[in-house]
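Notes follow once the structure below has been shown.
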Amino acid sequence: MKKINVGFLGLGTVGQGVWEQLISKASVWENKLDVQIDPKLAAVRSLDKKRDIELTTEQLTLDKKAIVTHPDIDLVIELMGGIEEAKEMTLLAFKNGKSVVTANKALICEHGEELLEAANRAGVLYLYEASVAGGIPIIKVVQEALVGNLIHSIQGILNGTSNYILTRMENEGLSYEEALGGARKLGYVEQDESLDLDGVDAAHKLIILTYLCFHKWFPISDIKVEGIRDVALKDIRAAARQKHKIKLIATLRQKDADEGVHCSVRPSLVPLSNNLASVDDAFNGICIQSDIVGTSFLIGRGAGRHPTSSAVLSDIVDYCRNQGGRKIPESDTEQKLAPSSSIAQPYYMRIEVEDTKGVLSEITQILSSNDISISTIEQEMNSDQDTASIMLTTHECLDGNIDKVKSEISEKSFLKEKVVVFPILPA
Ligand code: HSE
């Protein structure tokens, strides 16, 4: 079995998440790719720092060049952040025949053109799924899934921190400063706060998306970028009165080629009926308009250990596939379908009945004898005045028990139509 050795530049929150998943899912990579992926060495700032994963001293180094020049490392995961040194290390990795996976949106935004060309010349890959919207696979959606589409526009909430702040202002009536304090406490705000609060982080991601759609790197200085510092609670309340929410929206749009590409990051009023209005807290959401599919919408977590690790892992897998690592996974003989009768969830029922006494009590009796508790119940007379619709919802109960209730009621002579049963999804 082919072995792929991975070296890390930086082993912070995301790096440790990726390292952990590479080890804990070793059998998955073997089964899906027929490769063994080995996290071999990580360059860190401190060897003694306490980390969440177990590492031996041989797995850590203070020397970044040791990673990018290491004869046994095949793939470099760049999670060190910053621009100049990260660029230097990335170019050195390419020179040494190593592909690089990165989450460094600022670096790609500033030097993407040069880095992608350098990777191409060196015959290696430069992969950056984790750089935009964390766990949402937007890069692969634009590059692969929608590749046959002409993208007319993308509008997205690409910065989770500012979305978290705006959501708390909206939902709890907090001032901007109070909500920012909450975000700081949770460690959401970047060390350079301006990246989140002045729209710069969202703009970095927008530049990358614009490149993917229109194959041109626009300088960030040429686009209108406004952050959320000027959004006051009174603006949020005024927007709410008009049935809108205020969100930090990154937009790219091209109506026709002559007109050029509109790019901006700005706090914007979003109608409640627009999907982006439902993207709250630290979530990201992206709406794509393209010529063949029409509207596509993606939502998910845009930051944090697990979502960002997920994106980095998908690039690692892409690299492995590019190296010939592919396999039809062996059939898992242990897997089986769960019987639907064992599913537990709440239900809605509509029962059309003859309007005679004792009917309701018979129905509630059938429900309780099948261990089902009613949550709400209402009865509506039908226009014929002889029949009524009983609409009820249940607390969580077993699907098998609801089936029994349905068949017992179906036997009753008071029933006028087929019993309707729908599951109720969680909020
Ligand atoms: N600061 C970024 C955000 C982190 O809040 O979305 C993920 O890029």
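Below is a table of values for the structure above.
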{"quantity": "Residues (β-branched (V, I, T) and either touching a helix residue (DSSP H, G or I) at 6+ places or on another chain (Cβ under 6 Å) or open to solvent by less than 10 Å² (accessible area, probe 1.4 Å) (or both)) located in the stretch 201-226", "calculated": "I207, I208, T210, I220, V225"}
{"quantity": "Qualifying residue in the stretch 315-334 (condition: within 13 Å of the ligand (Cβ to nearest atom), buried (at least 22 other Cβ atoms within 10 Å of the Cβ), in a helix (DSSP H, G or I) and touching a residue at least 12 places away in the same chain (Cβ under 8 Å))", "calculated": "no"}
{"quantity": "Given (1) within 16 Å of the ligand (Cβ to nearest atom); (2) touching a Phe, Trp or Tyr at 6+ places or on another chain (Cβ under 7 Å); (3) of a type in the set (A, V, I, L, M); (4) open to solvent by 30 Å² or more (accessible area, probe 1.4 Å), number of the condition L116 does not satisfy", "calculated": "(1)"}
{"quantity": "Residue match in the stretch 211-218 (condition: within 16 Å of the ligand (Cβ to nearest atom), closer than 23 Å to A130 by Cβ and assigned by TED's automatic domain parsing to the domain that holds I286)", "calculated": "no"}
{"quantity": "Counted residues, the stretch 129-179 - those being surrounded by 18 or more Cβ atoms within 10 Å (Cβ to Cβ), assigned to a helix (DSSP H, G or I) and polar (S, T, N, Q)", "calculated": "5"}
{"quantity": "Checklist (1) outside any helix (DSSP H, G or I); (2) away from the ligand (no atom under 16 Å from the Cβ); (3) not charged (D, E, K, R) applied to S221, failing item", "calculated": "(1)"}
{"quantity": "Residue that is farthest from the chain's Cα centre (by Cα) [pool: residues in the stretch 180-200 that are surrounded by 24 or more Cβ atoms within 10 Å (Cβ to Cβ) and either more than 12 Å from the ligand (Cβ to nearest atom) or small (G, A, S) (or both)]", "calculated": "L180"}
{"quantity": "Any hit, the stretch 236-251, residues being of a type in the set (V, I, T), within 25 Å of A103 (Cβ to Cβ) and modelled with pLDDT of 95 or more", "calculated": "yes"}
{"quantity": "Which numbered condition N149 misses (of (1) of a type in the set (S, T, N, Q); (2) over 22 Å from R305 (Cα atoms); (3) more than 25 Å from the chain's Cα centre (by Cα))", "calculated": "(3)"}
{"quantity": "Selection status of Q379, over 30 Å from K25 (Cβ atoms), at pLDDT 95 or above and in a helix (DSSP H, G or I)", "calculated": "no"}
{"quantity": "Residue within the stretch 77-84 that is open to solvent by 30 Å² or more (accessible area, probe 1.4 Å) and touching a Leu at 6+ places or on another chain (Cβ under 6 Å) present", "calculated": "yes"}
{"quantity": "Of all residues in the stretch 288-304 being within 14 Å of the ligand (Cβ to nearest atom) and hydrophobic (A, V, I, L, M, F, W, C), the one that is least open to solvent (accessible area, probe 1.4 Å)", "calculated": "A303"}
{"quantity": "Where H204 falls short, out of the listed (1) in a loop (DSSP other than H, G, I, E, B); (2) within 11 Å of the ligand (Cβ to nearest atom)", "calculated": "(1)"}
{"quantity": "Check on D281, more than 21 Å from N104 (Cα to Cα), touching a residue at least 12 places away in the same chain (Cβ under 8 Å) and acidic (D, E)", "calculated": "yes"}
{"quantity": "S309 being exposed (fewer than 14 other Cβ atoms within 10 Å of the Cβ) and assigned to a helix (DSSP H, G or I)", "calculated": "no"}
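Per-residue answers, yes or no, for (1) among the basic types (K, R); (2) more than 21 Å from I208 (Cβ to Cβ); (3) at pLDDT below 95:
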site: D38; (1), (2), (3): no, yes, no
site: A43; (1), (2), (3): no, yes, no
site: V68; (1), (2), (3): no, yes, no
site: L79; (1), (2), (3): no, no, no
site: E88; (1), (2), (3): no, no, no
site: V100; (1), (2), (3): no, no, no
site: K105; (1), (2), (3): yes, no, no
site: E113; (1), (2), (3): no, no, no
site: A118; (1), (2), (3): no, no, no
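Rundown of residues vs (1) modelled with pLDDT under 95; (2) more than 16 Å from the ligand (Cβ to nearest atom); (3) assigned to a strand (DSSP E or B), yes/no style:
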residue	(1), (2), (3)
D230	no, yes, no
K255	yes, yes, no
P267	no, no, yes
S273	no, yes, no
D280	no, no, no
I286	no, no, yes
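The values are calculated or read from the model by the stated rules, or taken from the named source; none is laboratory data. All values reported here derive from a predicted model rather than from experimental measurement. So basically every Cβ, Gly included, is an ideal-geometry build from the backbone, and we count neighbours across all protein chains shown. We work out accessible area using only protein heavy atoms, side chains counted, and drop any ligands, DNA or RNA first. Shrake-Rupley method; radii C 1.70, N 1.55, O 1.52, S 1.80 Å.
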